[in-house]
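The values are calculated or read from the model by the stated rules, or taken from the named source; none is laboratory data. All of these numbers come straight from a predicted model, not from anything done at the bench. As a convention, Cβ positions derive from the backbone with ideal geometry for all residues, glycine included, and neighbour counts pool all protein chains shown. Heads up: the accessible areas ignore ligands, DNA and RNA and are worked out on the full protein's heavy atoms, side chains in. Shrake-Rupley method; radii C 1.70, N 1.55, O 1.52, S 1.80 Å.
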Amino acid sequence: MRSIKFKLAIIILLTTTLAIVANAQTTYWLGTRDGDQIRFETKIPADAVKVIMNNSPAPGRGADTTPRFRSFTHTIDGKAMKFYANELAWETPKLSEGGLTWAVDAGLGADWRNCNIKDELWQDFSDALKSIATNSGGWSVAKVVMAESTGNDHPTVALNPDGSYGKMAADKEAEFKLADMSSKSSLTEDELNEARDYWLAIVNAGRANPNYRKEAGAKKNLDLQSGLKPLVLNEFYNKAAQIQAEYCARVQQATHDNTDAGMATVESRLKSVGYDKGAYEAAGQGGLLNQCPTCWMKSETHHRPWWNIEGQVVTEVGFGVAKAANGNWYFVAVIG
């Protein structure tokens, strides 16, 4: 009898263990903003998980249609946790129909996937996805961070908005602070000065990284100098840059020209604010404040002054920005 009872106990134990293993399925959770952190409280439907996990270029298309997928691991409280990131995109009406695509180097909509909108998780997921998206011209783009977990309870971990854990790098924090400011119709003087500090942090982090342009996917001037001194803000440059940014916003064009009296060149604009020296000038536009100054640093034409390339040794910088009636921000940098 003891032997039979012992065997029955083993069978019951094995059955219970198998049941626990069967119930401990892998689940995936979407990161959404909670102040300056992201938390994972929205369960992701299986179809959407496949979209986030995709790293294949569009069929018959080139490498510039490859999704920006990445996977990474953080050790939190002694336990390794897996995370995944990608950039999803959609046209406004298509999301309600389950249509998702990716933000890729070639643009938006190179390839599409259709998700099952009848999945019980879809509505909560799509609502959460919209809450982390930026919108422009009928399109939405969401930089997604997804956590992998076991079981049906959401992970209690909190990450930084860029997916890092612990103290956030100054330039990454600056990018997210600028993104948060982008919905404003204009910036107060205090907010403008705050934005300038953020842009300076981004510039100096780039100047300190000799691999910056390689990592950005640039095609030339990839071997950058190391040990460059950080730039500092110049108030005269700030004022001249602001004059031109406001002009660009008024005419809705990123330009170095200015038809206002006495403002035709960057030198004349500097003289108008009491500074009798020359400087370089860069102009650009975009829907988000964190597109400056990386729009120039990653470009093939406007990157040289930022790394003292071809004898253009710079030590100071100033920034200006203004929002136009068309919703775009117009950026100007004066560098010298």
Q.
Of all beta bridges DSSP finds with both residues in the chain, what is the antiparallel percent, to the nearest 5?
A. 95
**Q.** Length-normalised contact order for the range 174-244 - Cα pairs under 8 Å, 6+ apart - percent
**A.** 27
**Q.** Extension gain, GLU97 back to ASP34 (0.36 nm per residue minus Cα-Cα distance, nm)
**A.** 19.9 nm
Q: Label the range 241-280 by shape, choosing from rounded, prolate and oblate, from the square roots a ≥ b ≥ c of the eigenvalues of the Cα gyration tensor; if a/c is under 1.5 it is rounded, and otherwise prolate applies when a/b is larger than b/c, oblate when it is not.
A: prolate
(Q) Taking the alpha-carbon distance from LYS43 and a cut-off under 26 Å, which lysines remain once sequence neighbours fewer than 8 residues away in the same chain are dropped? (A) LYS79, LYS82, LYS94, LYS118, LYS130, LYS143
**Q.** Compactness of the range 237-336, expressed as Rg and Dmax over alpha-carbon positions, Å
**A.** 12.8, 38
Q | Those aspartates and glutamates that a straight Cα-Cα span of less than 19 Å connects to LYS219, excepting residues fewer than 8 apart in one chain | A | ASP64, ASP105, GLU300, GLU310
**Q.** Computed over the range 207-269: relative contact order in percent, which uses C-alpha pairs under 8 Å that are six or more apart
**A.** 22
Q) According to the Kirkwood expression over distinct Cα-Cα pairs, how big is the hydrodynamic radius of the chain, in Å? A) 22.8
Q | Most to least accessible of TRP122, TRP139 (protein chains only, probe 1.4 Å) | A | TRP139, TRP122
Q) Quick one: if you stick a label point 7 Å off each Cα along the C-beta vector at HIS256 and VAL232, how many nm between them? A) 2.7
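How large is the helix-only mean residue ellipticity at 222 nm for the chain, computed as the sum of -39500 (n - 2.57) over DSSP H runs with n ≥ 4, divided by its residue count, in deg cm²/dmol to the nearest 500?
Values: 10 runs with 107 residues, N = 336.
Per the formula, -9500 deg cm²/dmol.
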Q: Find the percent of Cα-Cα distances in the range 81-172 that exceed 22 Å, and round it to a whole number.
A: 36
Q: For the range 192-313, calculate the relative contact order in percent as a whole number, restricting contacts to Cα pairs under 8 Å that are 6 or more residues apart.
A: 25
(Q) Running a GNM on the chain with Cα contacts under 10 Å, which residue among ASP162, ASP171, ASP180 ends up with the highest mean-square fluctuation? (A) ASP180
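I need the per residue convex hull volume for the range 124-173, using only the alpha carbons, in cubic angstrom as a whole number. List each step's numbers first, then the result.
Details: hull volume 4.8 nm³, N = 50.
Hull volume over Cα atoms, normalised by residue count, gives 96 Å³.
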Q: Could you pull the accessible area for PHE69 with a 1.4 Å probe, rounded to 10 Å²?
A: 50
Q. How about LYS277: which lysines have a C-alpha closer than 24 Å to its C-alpha, ignoring those fewer than 8 places off in the same chain?
A. LYS229, LYS239
